[in-house]
1. So, of the residues in the stretch 113-155 that are closer than 17 Å to Thr451 by Cβ and among the aromatic types (Phe, Trp, Tyr), which turns out to be surrounded by the fewest Cβ atoms within 10 Å (Cβ to Cβ)?
2. Identify, from the list Lys541, Lys567, Lys577, the residue that is touching an Asp or Glu at 6+ places or on another chain (Cβ under 7 Å), charged (D, E, K, R) and in a helix (DSSP H, G or I).
3. Within the stretch 580-604, can you find the residues that are surrounded by fewer than 18 Cβ atoms within 10 Å (Cβ to Cβ) and part of a loop (DSSP other than H, G, I, E, B)?
4. (1) more than 16 Å from ligand 2 (Cβ to nearest atom); (2) open to solvent by 20 Å² or more (accessible area, probe 1.4 Å); (3) not in a loop (DSSP other than H, G, I, E, B): which one isn't true of Cys348, the others all being true?
5. Can you pull out the strands (runs of 3 or more DSSP E) entirely within the stretch 33-136 that have at least 2 residues that are within 30 Å of Arg473 (Cβ to Cβ), of a type in the set (Val, Ile, Thr) and in contact (Cβ under 8 Å) with a residue 40 or more places away in the chain?
6. Of the residues in the stretch 679-702, how many are in contact with a Phe, Trp or Tyr (Cβ under 8 Å, 6 or more places away or on another chain) and either among the acidic types (Asp, Glu) or without any contact (Cβ under 8 Å) to a residue 40 or more places away in the chain (or both)?
7. Can you find a residue in the stretch 360-379 that is more than 30 Å from Phe631 (Cα to Cα), modelled with pLDDT of 95 or more and touching a Ser or Thr at 6+ places or on another chain (Cβ under 7 Å)?
8. Can we say Ser733 is under 21 Å from Arg617 (Cβ atoms) and open to solvent by less than 50 Å² (accessible area, probe 1.4 Å)?
Amino acid sequence: MSEISKAYEPGTIERKWYDFWLERGYFTPEIDHQHKPFVIIMPPTNVTGELHQGHALTATLEDIMIRWHRMRGEPTLWLPGTDHAGIATQVVVERQLAGQGQTKDGVGREKFAELTWEWANKSRENIRRQHQLLGASCDWTRERFTLDEGPSKAVRTAFVSLFDKGLIYRGERMVNWCPRCRTALSDLEVEHKDITGYLYYIHYPLAQGKGFVTVATTRPETFFGDTAVAVNPQDKRYKKLIGKSVILPLIDKEIPIIADDAVDASFGTGALKITPAHDPTDFEIAQRHNLPLVDIMNPDATMSENAGPCRGLERFACRDKVLADLKDKGLMEKIEPYAHSVGHCGRCQTMIEPRVSLQWFVRTQPLAKGAIEVVKEGRVRLLPERFTKTYFDWMENIRDWCISRQLWWGHRIPVWYCRDCAGMTVSVDEPTACVHCGSRQLLQDPDVLDTWFSSALWPHSALGWPEDTEVLRYFYPGSVLETGYDILFFWVARMIMMGLEDTGEIPFHTVYLHGLIRDDSGAKMSKLRGNVISPSEAIGKYGVDALRFALTAGTSAGNDINVGKGKLESSRNFANKLWNASRFILQSLDANGLEAGALELQPKRMEDQWINSRLNRLIRSVTELMEAFQFGEAEQEVYDFVWSKFCDWYIEVAKIRLSSQSTPSPLPFLVDTLEKSLRLLHPCMPFITEELWQSLQQRLPHGSRTPASIMIAPYPVADDKAFAPEAERVMDSVIEIVRSIRNVRAQYKVKPDKLIEARVYTGELLSSLSAEAGMIETLAKVRPLTILGRQKRESTKDKDLVLVLKEAEVVVPLAGMVDRLAEEQRLVKESEEIKERIVQLKARLGNKAFLSKAPAQVVEKEKEKLALLEDKLKRLHQELSQLDSSSADS
Ligand SMILES: [Zn+2]
Ligand SMILES: [Zn+2]
């Protein structure tokens, strides 16, 4: 039998048990048509580098769900994967090249792809290793990468199908353009920064007669692309000018003055220069008025031939030249400082150029319809529910989705252009001839797809779609999708749309959205603040189980999570506490042994009934919480039970019984409570629970009949027959009495081994508490202890300390140790505190938002709390008046 080490050393047990589980194949489910499977498809991790705490949180929450369902006997699949992460990965590799003085254009597309694959493979290996460190029990035999042949074929199939239905088109649209990355970006990839720039007031001379119109602009260099000046039709200042035209300075081009409701008359001069190819609002105005688009820039944001005298200049150099030339000609009216928000590339921080370009789009409105419906009908549920409204708002106003990217890393767009007839051939497999004219002169579109396009297909593509396989039929649709709320639209909404479109089914029934990770004080983690604790650092210092517990205990869906040093330390303390308690129980087993059949529990003693009852209540509550996705609350309850009820009270009482060899032995209850607590904790703290559980099993008489691992042992089920309300009431009262006497001892600095006198007055519990007098004496170090009925209560003497408890009053004579004034002050202070708590509770119970949101049993509990406090306050007041009257007597 292996000795359990004195100190808990997480590092030595973690790898051992992970390999044990992996070798036995516990992570790979069997297809069993008798049972409905539980399935989570892991959000594919970007192959850009190290895992951060957000990844650790995702892995922990999903592993908790997975391990819990597996212990409930369901065929459980957790499919891991990685995402090629288009632009993010490409920029990382470009940076590496730049470090060696090279560029992607310099090495060429083929070599660049080779280098990026090398990076991606290394990164995937790293991600896999880190997930294993975290204890993730995912099925590595089914691991997928978005660029694998299967998911790639899914991408081409989905593209072709949407194209054939007219839901994909190619068109000139305004996109966010990064001139350095030379690609279109999604809104998610753009960071907005507040910038103090200038507003330039420029004269545009009228084409007919004298005079001019002054336009105000932050970007004078774009004026070469102007195709109109627009004013608001209601603006009296310009009414006469509508329909006339102006001359663009420097290039002498005539453009019309038009009226459009979108013009804000209060901005600048109320006359807006319209540059349709470089501004989203202008683009829309131009569409309404059939204005031409004039693109004045090259993809790298140098000026194109349409910029006349500035051709070839970089955009900001062009601005300087334009301003100088306008000034020379006397066309600059004034310049004012102006603060505005400007988009920057999220990957390289270059200023975004809004630019019209030829891109591929998905027509999303028809797809959004179904995705709205399934959420309305409750077939897909968002947690927390408050995100449902945001989801509808966004889906109802959805815009077409630009899916092409001018990158080299990603899925190539499956469209080929014919050199002979210019027709397009759209095909899942590489075509050999043009579908229109049969020519073999085909050229594939150079662009790749937005990385979110393949992510949108992930729930079905990772399971093998478009092939019709048994795996896909059995495991799709999945059960839960877990991710951060920040990508609800970019990812979750698109998965729902594409899942419905490709398979006719929802991809999952529940979406669990987690919050952001912050430090102990609630501040965002950032390198600048120096409060970042990486998962590997936390694992090294505190152990995986402590990290997992810190990330999830006490948290709930959608709320931000504070995980700093403080929480990690207290989580490790919990692991230590569990370890030490287990060690005591194991050593007691070694010393005393356990007879066969001892674990068919027959609680005779009050405290045995109590712990057994509390344990079963805990199991019931935890099960309900887990079913309601309240993992954080479930963990908190197990924590409170193990730390306080089990370790602080039951084990302490059991130690006394074991040392005096009294019968019946508490060992069966120690073992049973520990064993079930370990199983309850396993989904969150897999390593320490496996280590302790294995050590325990070795020492039990029925060892050979149990499963080989805690992770395939059944999750505990509550036994309602174990509930013992009377024992709970008595033990709760014992605990309160002992605690109150211990507080007094601490308050008056009584030496630990000194016995003090106490009298307990109680009502209905008189006989039960009298039966436990020995326990109270030992735990509170009290002698003599007198337990009497309330009616025997004499008026308080001068030097008596009175403690008013839930079901009893404790009188501690402290002759010579405490004066009456201090005692009165103490009673007043305590009743003030209780009054304050009553006010808080009443406010809470009067709060409509709380009443409508909180579960009924929580409201019930709060009401009970209030009643108890009010009763206690009444009795404190009685004590105070007695104190008054006794002082009047003397
Ligand atoms: Zn960029
Ligand atoms: Zn052709």
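1. Per the criteria, the residue is Trp117.
2. Answer to the check: Lys567.
3. Gly593, Glu595, Ala596, Gly597, Leu599, Glu600, Leu601, Gln602, Lys604
4. Going through (1) more than 16 Å from ligand 2 (Cβ to nearest atom); (2) open to solvent by 20 Å² or more (accessible area, probe 1.4 Å); (3) not in a loop (DSSP other than H, G, I, E, B) one by one, Cys348 breaks only (3).
5. Details: elements: 38-41, 76-79, 81-83.
The qualifying strands (runs of 3 or more DSSP E) are 38-41.
6. Number of matching residues: 2.
7. Yes, the stretch 360-379 contains at least one residue that is more than 30 Å from Phe631 (Cα to Cα), modelled with pLDDT of 95 or more and touching a Ser or Thr at 6+ places or on another chain (Cβ under 7 Å).
8. On the way: under 21 Å from Arg617 (Cβ atoms): yes; open to solvent by less than 50 Å² (accessible area, probe 1.4 Å): yes.
Yes.
The values are calculated or read from the model by the stated rules, or taken from the named source; none is laboratory data. Owing to the predicted nature of the structure, the values given are computational and were not obtained by experimental measurement. For neighbour counting, all protein chains shown are included, and Cβ atoms are generated from backbone atoms with ideal geometry for every residue, glycine included. Note: areas computed on protein heavy atoms with side chains; ligands, DNA, RNA excluded. Shrake-Rupley method; radii C 1.70, N 1.55, O 1.52, S 1.80 Å.
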